[in-house]
Amino acid sequence: MYKIYSLAIVILMTCSLFSSEQEAKKDIVFIVVDDLNDWIGVMGGHPQSKTPNLDALASRGVLFNNAHCNAPQCGPSRMSFLTGLYPKSTGKYFNVAKKMPFFKDQPLKGVTSKNPPKKPFDFHTHFMNQNYRVVSGGKVAHGSLKSKIDNKFDRPKEVKNFTNKKVNLWREGGPQNLQDSQTGDYKTAQWAIEQWNKKSDKPLLMSVGFFRPHRPFNVPKEYFDKFPLESIELPVRPEFDDLEDLPEYGKALARSNAHKDLFKPRTVHEHILHLGGEDEWKYMVQSYLACINYVDTQIGLFLEALKNNPRGNNTVIILTSDHGWDLGEKEHWCKAALWRQTTRVPYIVVAPGLSNSGTVNNQPISHVDIYPTLCDFAGVAKPKHLEGQSILPLLKDSKAKRDAAFISYGPQNTAVQSERYRYISYEDGSGELYDHQKDPHEWSNLSSNPEYAEIKRKMIKQAKAFEKQ
């Protein structure tokens with residue numbers, strides 16, 4: 001009889017402990033926005049941008065102001081944060097591995113790490129194995145998410161109903177005669193709200209991908225109306241030729257557009273000016289600002305649902321973008337380059353009790369840090385294959401430091417980002433060095449300045465060690 005009672009007590013204690021552990025698990029929400037650069041209010045990327053919901057989210061948590069993608073194109077970037085691996089370990093550096101004329105001998109795809117993981121699995125799979133309810137909707141992966149999870153929602157198809165016949169350089173219309181409820185990101189937000197409100201005995205991991213401001217720049221007309229074309233401000237530019245002090249490799253990169261010769265012999269920037277001068281440029285800026293305000297509104301619907309239904313658990317929110325975007329800076333458009341504007345992303349973390357609300361952290365972090373951070377928030381073991389570092393220590397201690405983040409555009413084109421400096425190392429041995437404290441727009445390449453020789457030497461060493469590691 002004593003043994004029976006003892007066994008019963010052990011079982012009850014075990015069940016109680018398991019129940020307590022489940023109750024202690026955090027709900028985790030990961031939001032990724034497509035092609036969103038620093039044009040949000042709290043980052044000050046453009047003075048006319050309207051992002052009240054993202055700004056409010058940042059006021060509740062920590063804005064990491066020096067966060068970067070690991071590859072400045074959708075596919076390789078998303079593969080890095082999904083698997084926690086650098087491009088050199090995934091083998092994917094570009095959306096399309098097409099050799100551009102200025103590329104030298106570096107391979108365009110394939111693993112270059114010495115000891116790559118054999119069977120890496122993404123964080124959705126890992127959290128399924130950790131007894132989480134896992135759901136994912138919208139554009140999270142580049143293509144369909146292949147993980148076997150509890151619920152998936154593919155990015156909705158776009159509806160076209162334009163207010164006028166004007167098209168941009170990509171032959172895409174702009175303002176639409178649509179209600180928000182007819183648009184893709186609205187539908188993604190509604191799916192996310194529905195999944196959030198579903199009852200579950202398990203803690204929840206949710207990933208939600210919003211598509212705008214990715215092209216085509218099509219959103220309801222009301223969002224365009226908030227940014228009258230005649231009032232649009234172009235990106236800030238120096239009074240001199242910003243390409244003059246770049247090496248030839250950098251100049252070629254500035255004139256390229258994600259491995260496409262769209263308007264040959266003109267570049268994208270030259271073609272915009274050819275179509276309508278600065279007015280056409282302003283139309284592109286207006287379109288991008290309208291798309292940002294639209295997606296901020298849809299994200300706001302979901303964030304309001306999180307606030308209204310806390311689900312009885314602590315909730316952690318991470319919001320970021322897959323990479324930055326250029327709108328004429330250095331005469332470059334789109335993504336696919338290694339300058340700050342192209343790789344820098346919004347990165348907001350709301351983790352109650354871990355840090356002061358409304359703070360800004362300037363330590364260099366990148367997307368490979370997301371997977372281990374999610375594990376730390378959930379209190380689950382980290383897979384052995386992860387190459388990033390959890391940012392939890394930076395949240396707990398505002399004085400904690402990071403050395404550098406690394407961004408790849410091919411295995412031998414590497415940007416090294418420290419708290420203050422960026423060095424871009426190209427495969428032909430040339431490079432660019434920028435002091436972001438003095439030159440946040442990267443107008444002055446300091447690579448040949450003898451005063452920065454030691455900093456340059458150190459960062460070249462870091463880039464080469466990263467490439468060969």
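Every number in this text was worked out from the coordinates using simple rules, so none of it is lab data. What you see is a predicted model, and the numbers here were worked out from it, not measured in a lab. Cβ coordinates were reconstructed from backbone atoms using ideal geometry, including for glycine residues, and neighbour counts include every protein chain displayed.
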Can you tell me the 0 to 90 degree angle between the C-alpha axis of helix 453-468 and the longest principal axis of the chain, rounded to 10?
60
Say the dipole of the range 253-307 comes from +1 at the beta carbon of Lys and Arg and -1 at that of Asp and Glu; which of CYS291, GLY276, SER256 then lies farthest toward its positive end?
SER256
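Between GLU419 and ALA56, what length in nm is gained on full extension when 0.36 nm per residue of separation is reduced by their alpha carbon distance?
Working: separation 363, 0.36 × 363 = 130.68 nm, distance 2.52 nm.
That pair, GLU419 and ALA56, stretches by 128.2 nm at full extension.
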Nearest 20 debye, what's the magnitude of the dipole of the chain about its Cα centre given +1 on Lys and Arg Cβ and -1 on Asp and Glu Cβ?
1980
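Can you tell me which of 89-95, 124-130 comes out highest on packing, and rank the rest after it, using the mean Cβ neighbours within 10 Å?
Numbers: 89-95: 21.9, 124-130: 19.7.
Taking the mean over residues of other Cβ atoms within 10 Å, the ranking is 89-95, 124-130.
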Roughly what angle does helix 2-24 make with the longest principal axis of the chain, taking Cα atoms, 0 to 90 degrees, to the nearest 10?
20
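Relative to the present Cα-Cα distance, how much length would full extension add between LYS461 and GLU304 at 0.36 nm per residue of separation? Don't skip to the end; give the middle numbers.
Details: separation 157, 0.36 × 157 = 56.52 nm, distance 4.67 nm.
Stretched out fully, the LYS461 to GLU304 stretch lengthens by 51.9 nm.
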Amide H within-cut-off set for PHE162, under 5 Å, with H built and near neighbours excluded:
ASN177
Run the reach check for LYS456 against lysines, Cα to Cα strictly under 21 Å, same-chain hits fewer than 8 apart removed. What comes back?
LYS251, LYS401, LYS438, LYS464, LYS468
Run the numbers for LYS468 and LYS118: contour at 0.36 nm per residue of separation, minus the present Cα-Cα distance, in nm.
124.1 nm
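Within the set of other residues whose C-beta is less than 9 Å from the C-beta of MET79, count the net charge using Lys and Arg as +1 and Asp and Glu as -1.
Working: positive: ARG78, LYS92; negative: ASP122.
Computed value for this residue: +1.
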Specify which residue in the list SER89, ALA189, GLY358 is farthest towards the positive end of the charge dipole of the chain, using unit charges on the beta carbon of Lys, Arg (+1) and Asp, Glu (-1), about the Cα centre.
SER89
Sequence ranges 365-377, 422-434, ranked by mean other-Cβ count within 10 angstrom, highest first:
365-377, 422-434
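Stokes-Einstein diffusion coefficient for the chain at 4 °C in a medium of 1.567 mPa s, Rh from the Kirkwood formula over Cα pairs: what value in µm²/s? Spell out each step's value before the answer.
Numbers: Rh = 23.2 Å.
In µm²/s, the coefficient is 56.
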Under 20 Å from LYS187, Cα to Cα: aspartates and glutamates that are on another chain or at least 8 residues apart:
ASP34, ASP35, ASP150, ASP154, GLU158, GLU222, ASP296, GLU304
Mind pulling the per residue volume of the convex hull built on the Cα atoms of the range 388-469? Å³ is fine.
114
What does the charge add up to near LEU234, with Lys and Arg as +1, Asp and Glu as -1, over the other residues with Cβ less than 12 Å from its Cβ?
-3
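On a 28 Å Cα-Cα criterion, which of the cross-link pairs LYS26/LYS384; LYS25/LYS148; LYS165/LYS260; LYS26/LYS221; LYS221/LYS282; LYS119/LYS139 come out too long?
The answer is LYS26/LYS221.
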Treating the angle as unsigned and between 0 and 90°, give the value, to the nearest 10°, between the Cα long axis of helix 184-197 and the longest Cα principal axis of the chain.
20
Built amide H within the under 5 Å cut-off of TYR347, gap 5+
PHE64
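Could you order the peptides 46-59, 97-110 from most to least packed, using the average number of other C-beta atoms within 10 Å per residue? Intermediate results must be reported in sequence, preceding the final value.
On the way: 46-59: 19.4, 97-110: 13.9.
In decreasing order of mean packing, 46-59, 97-110 become 46-59, 97-110.
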Top positive-direction residue, dipole computed over the chain with Cβ charges, set ASN115, ASN131, ALA58
ASN131
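Can you give the net charge of the other residues whose Cβ lies under 10 Å from the Cβ of ASN168, counting K and R as +1 and D and E as -1?
Residues close to ASN168 contribute a combined charge of +1.
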Can you give the % of DSSP beta bridges in the range 26-402 that are antiparallel, to the nearest 5?
30
Measuring from a point 7 Å past the Cα of ALA97 along Cα-to-C-beta, which residues in the range 47-82 have an amide N at less than 14 Å?
76
